[in-house]
Amino acid sequence: GSDGAPHASDAAFCDMMALHTRTTLHGGHRVDVLFNGDGTYERLWEDLRSATRSITVQMYYWKPGRVADTFRDIVTERARAGVTVLFLRDAIGSSDMDKEYEQALRDAGIEVEKFRPAHWYAIHKLQHRSHIRVVVVDGRVGYTGGFGLDDKWLGNGKRDGEWRDTNVRVEGAAVRQLQATFAAAWCEASGTLLTGDTYFTSEHDVDGGGPVVAGVVHAAPTVGSTVAERLLALSIAGAERTLYITNSYFVPDDDFCSLLSNAAERGVDVRILTPGEKIDVKSTWHAGHAMMEQLLGAKVRIFEYQPVMIHAKTFVVDGKWVGIGTMNFDNRSLAFNDESMLVLHDAGIGALMGERYAADLALSRELDLATFRKRPLMNKLKEKAATSVAKLL
């Protein structure tokens, strides 16, 4: 229950959120929301080229191509110029990485580690992936979001074969938190715990020169209620007027369906934007559809993005409380994966996210309850089958 939950627009909301997610929210951030490859990579390359001390990168996804090559060229050049470069790749998400690519990084003096490689004696770890995306330059500038090192993220998220995504660039105290999420995984993979001013700006020197209150939520798997679940539950319960969720893999469990339904029933304009037929993981799509009749019945509005696969993981509550990061709205993200979300409290960015939401909805198809109920029996059977494995999706 959420009786007397603070409203997302109140300052008290940040305090509650900080306590329940074990993070801290600070003022003084400069935050740029970056939409799609067009809005992300040039900015990222520029920041990487400017590195003088350190570059830390944790990437889930890698495929050969232009993005991967540009990344390699920039970081190897910086490493040769004396910048410390650490690259952590997920053993599953970047399993296609070839020996030559990795060797080129190592030859330049870059430390490369694999996160949780699949060993027979560590099979219990296999489902606990790190889905985090972190890039931190000189401990001062940080990036997270849904992007990876693959050409499908190039473009504007509207043309065939491209992915629509949302990323974020931040300066300020949250960069220290982002670096700490990287450091936790790097420690596990390498046995080395990063400290000191090569990686972390001192706490007296963290002002990002902007007005935004922000923090990084590092969600990690645990038994019982997770930080990720508490983040979402509070965000939904705190909504008074609007709750706009964009999520690539939307498979809420019964509890989250109830929270979303309750919000709609108390008069909140609840909208979910999720992929249409262009989704890359069909089983997740079917499992998500199994929950939708209940939500549509509760007056939750659901939209499916039509042009391409939408991979963004964002929410905006009452035009002020915003989350941008790697966390999907499914059991895998909420219970099994390590995830990173930049959360922030700011009306300006809230408004920007609202505008983008409207633009995305204009390219989406709204589900209608009566029509949805008439979907083919085959689809319903697939939903049943997908739901039975949904806990692991």
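The values are calculated or read from the model by the stated rules, or taken from the named source; none is laboratory data. Keep in mind the model is a prediction, meaning the values are calculated, not measured. Methodologically, a virtual Cβ is constructed for each residue, glycine included, from the backbone with ideal geometry; neighbour enumeration extends over all protein chains shown. Areas reflect the complete protein model, heavy atoms only, side chains present, ligands, DNA and RNA absent. Shrake-Rupley method; radii C 1.70, N 1.55, O 1.52, S 1.80 Å.
What to note about this one:
- Here the simple spin-label model places points 7 Å from the Cα toward Cβ, and for ASP96 and ARG22 these points are separated by 3.5 nm.
- Point-to-point label distance, GLU355-ASP280, nm (Cα→Cβ direction, 7 Å offset): 2.9 nm
- Highest to lowest packing among 350-356, 74-80, scored as the average C-beta count within 10 Å: 74-80, 350-356
- Two-site FRET efficiency, ASP255 against GLU293, from Cβ-Cβ distance with R₀ of 25 Å, rounded to 0.05: 0.90
- Order of exposure, largest accessible area first, which applies to HIS204, HIS286, HIS20 with probe 1.4 Å: HIS204, HIS20, HIS286
- Annotation note: GluC sites (Glu not before Pro) in segment 229-293 located in DSSP loop regions with a Cβ neighbour count of at most 11 within 10 Å are GLU277.
- Between the helical axis of 227-237 and the longest alpha-carbon principal axis of the chain there is an angle of about 40 degrees.
- Contour minus Cα-Cα distance for ASP107 and ASP269 (0.36 nm per residue): 52.9 nm
- Sorting SER94, SER202 by solvent-accessible area of protein heavy atoms yields SER202, SER94, largest first, with a 1.4 Å probe.
- Share, in percent, of DSSP beta bridges within the chain that are antiparallel, nearest 5: 65 percent
- Within straight-line reach of LYS320, meaning a Cα separation under 14 Å, sit the following aspartates and glutamates at least 8 residues removed in sequence or on another chain: ASP10, GLU240, ASP346, GLU355.
- On Cα atoms only, tilt of 36-49 relative to the major axis of the chain in degrees: 20 degrees
- The chain, accessible surface, carbon-and-sulfur percent (1.4 angstrom probe): 52 percent
- Treating r as the C-beta distance of ARG159 and THR70 and R0 as 25 Å, the FRET efficiency rounds to 0.80.
- Using θ = phi - 60° in the Karplus curve 6.51 cos²θ - 1.76 cosθ + 1.60, the 3J(HN,Hα) couplings for segment 17-24 round to 4, 4, 5, 7, 10, 6, 10, 10 Hz; x is entered for Gly and Pro.
- Residue-level accessible surface for LYS278, protein heavy atoms, 1.4 Å, Å²: 100 Å²
- Cα long-axis angle, helix 173-190 against the chain (0 to 90 degrees, to the nearest 10): 70 degrees
- Net charge contributed by nearby residues that have their C-beta within less than 12 Å of LEU273 (K/R +1, D/E -1): +3
- Taking every protein chain into account, the 1.4 Å probe leaves VAL216 with about 10 Å² of accessible area, to the nearest ten.
- Legend: residue pairs LYS282/LYS374; LYS158/LYS299; LYS99/LYS282; LYS278/LYS380; LYS278/LYS384, Cα-Cα distance threshold 23 Å; pairs beyond threshold, LYS158/LYS299; LYS99/LYS282.
- Which of ILE92, ILE245 is most accessible, then next, and so on - probe 1.4 Å: ILE92, ILE245
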